[in-house]
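The values are calculated or read from the model by the stated rules, or taken from the named source; none is laboratory data. Because the structure is a prediction, the values reported are computed rather than measured. Cβ coordinates were reconstructed from backbone atoms using ideal geometry, including for glycine residues, and neighbour counts include every protein chain displayed. For accessibility, only protein heavy atoms count, side chains too; no ligands or nucleic acids. Shrake-Rupley method; radii C 1.70, N 1.55, O 1.52, S 1.80 Å.
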Amino acid sequence: MVLYYSFDVYLAGIMDVSLLKENFRKHFAEEPLVVRSPGRINLIGEHTDYNEGFVLPAAIDKAVYIAISKRAGDELHWISLDMNSRYSGSLRKIEKSGEHWPDYLLGVTDQLQKPGVTLTGFNVVLAGEVPIGAGLSSSAAVECATVFALNEIFKLGLDKLQMVKLSQKAENEFAGVKCGIMDQFASMFGKAGHVIQLDCRSLDYVYYPLELKGYKIVLFDTQVKHSLASTEYNIRREECERGVALLQKKYPHVKSLRDATMQMVNEQLKNAEGRIYDRCRFVVEEIERVRQACIDLQGGNIEAFGKKMFAAHAGLSRMYEVSCEELDFLADLAVEEPAVVGARMMGGGFGGCTINIISESALQAVIEKFSNAYRQKFAVDLKSYIVEIKDGTSVEQ
């Protein structure tokens, strides 16, 4: 989902919730409940989620906000301030809207009604401060905000994990994006100052403090647009599944690449058709990188952690082939820049952002250097976002 900024509620990168409420009162003449749900970053562990591996995401200080209230009857009346768009529909007929933004709310509503949950109609005003098309999972933020808000106003009694699973299912089945569970989990379970080591098989999770003394997390936005529903993304999933099927011929206990070792991959997949070997090799190595990166965090070794980010990008670019010229250009700049201790592409790929850990003392100089180099190379102004790690989905007071 792409969110655009609404200038009456989005000021200098900070959502003005009082103005969001004012918009709601203006349109619906009542006081709303407001829920905030953040975008996410993923420090390391890319394309491992749907292979039942480990990921290391965190919620950030850029979020989606939903103002909501119940209404009598079955009617749905929703407004997106960012898109300058309205949607009207009925609970009795949930179908795709023809626009992107209502479909994420519709998907959640549809999933809630399937097991027989009784809802009435509801009003919504939606706005966001998640950067445009940057791969920060604004769609997951919208889904989590929606289910959290509906859980509150209808007293549904869902716990956080139930809401995460429902949000993921909405994106898989209604929006048609075969995403793993990481995005929704990070948005819902985020904890300020911490990353989450999430086991995408068991959904067990551990918080690790991210102590960035003297460093900042910076996202460089290529402004190359991508879609997680793209053919290439789904092809990668299919290639991993074919690799698992080949491994199972000798190792029937292998249910996903989570269960594979490099010895198995080298033995069974070296002569596989196409790029199956490269795809599976990357995933198996990346799963292990997440484990080792958490050891680095426990020891406070940000430099060692950063080296694993560089290694992850090399694999994503050369083995998994989900990078692009612009992402590789920024990653190459980062490798050569002493003030950057780690960098890689982030998200599904084919565009979006690189994530960088940069020395605070050189922060503005690096941003300026990279911006000038990017403009010279691609004739595009590079966008940069300095992000902080914040709490997950919650009611906004």
Selection status of Ile181, of a type in the set (A, V, I, L, M, F, W, C) and touching a strand residue (DSSP E or B) at 6+ places or on another chain (Cβ under 6 Å): no
Hey, Thr109 at pLDDT 90 or above and in a loop (DSSP other than H, G, I, E, B) or not: no
Any pair with Cβ under 9 angstrom, 6 or more apart, that starts in segment 352-363 at a residue that is farther than 30 Å from Lys225 by Cβ and ends at one that is among the aromatic types (Phe, Trp, Tyr) and crowded, with 24+ Cβ neighbours inside 10 Å: none
Matching option when the condition is surrounded by fewer than 23 Cβ atoms within 10 Å (Cβ to Cβ), small (Gly, Ala, Ser) and out of contact with any helix residue (DSSP H, G or I) (no Cβ under 8 Å at 6 or more places or on another chain), among Ala175, Ala192: Ala192
Test: Asp183 is open to solvent by less than 30 Å² (accessible area, probe 1.4 Å) and more than 22 Å from Gly128 (Cβ to Cβ): no
Every residue from segment 227-256 that is touching a residue at least 40 places away in the same chain (Cβ under 8 Å), touching a Lys or Arg at 6+ places or on another chain (Cβ under 9 Å) and in a helix (DSSP H, G or I): Tyr233, Asn234, Arg236, Arg237, Glu239, Cys240
Members of segment 298-317 found to be under 22 Å from His194 (Cβ atoms), open to solvent by 20 Å² or more (accessible area, probe 1.4 Å) and in a helix (DSSP H, G or I), listed by number: Gln298, Glu303, Ala304, Lys307, Lys308
Of all residues making up segment 23-47, the number that are assigned to a loop (DSSP other than H, G, I, E, B) and over 30 Å from Leu198 (Cα atoms): 4
Meets criteria (more than 17 Å from the chain's Cα centre (by Cα), open to solvent by 10 Å² or more (accessible area, probe 1.4 Å), under 20 Å from Leu20 (Cβ atoms) and charged (D, E, K, R)) for Lys96: no
Residue ID - modelled with the highest pLDDT, chosen from residues in segment 8-22 that are in a loop (DSSP other than H, G, I, E, B) and open to solvent by 20 Å² or more (accessible area, probe 1.4 Å): Asp16
Condition check for Asn42: touching a helix residue (DSSP H, G or I) at 6+ places or on another chain (Cβ under 8 Å) and either without any contact (Cβ under 8 Å) to a residue 12 or more places away in the chain or more than 20 Å from Ala145 (Cα to Cα) (or both): no
Among residues of segment 112-163, those that are at positive phi and out of contact with any Gly (no Cβ under 9 Å at 6 or more places or on another chain), counted: 3
Selection status of Gln268, in contact with a Leu (Cβ under 6 Å, 6 or more places away or on another chain), part of a helix (DSSP H, G or I), open to solvent by 40 Å² or more (accessible area, probe 1.4 Å) and of a type outside the set (Ser, Thr, Tyr): yes
Of the criteria (1) closer than 20 Å to Thr354 by Cα; (2) crowded, with 19+ Cβ neighbours inside 10 Å; (3) among the charged types (D, E, K, R), which one Arg281 fails: (1)
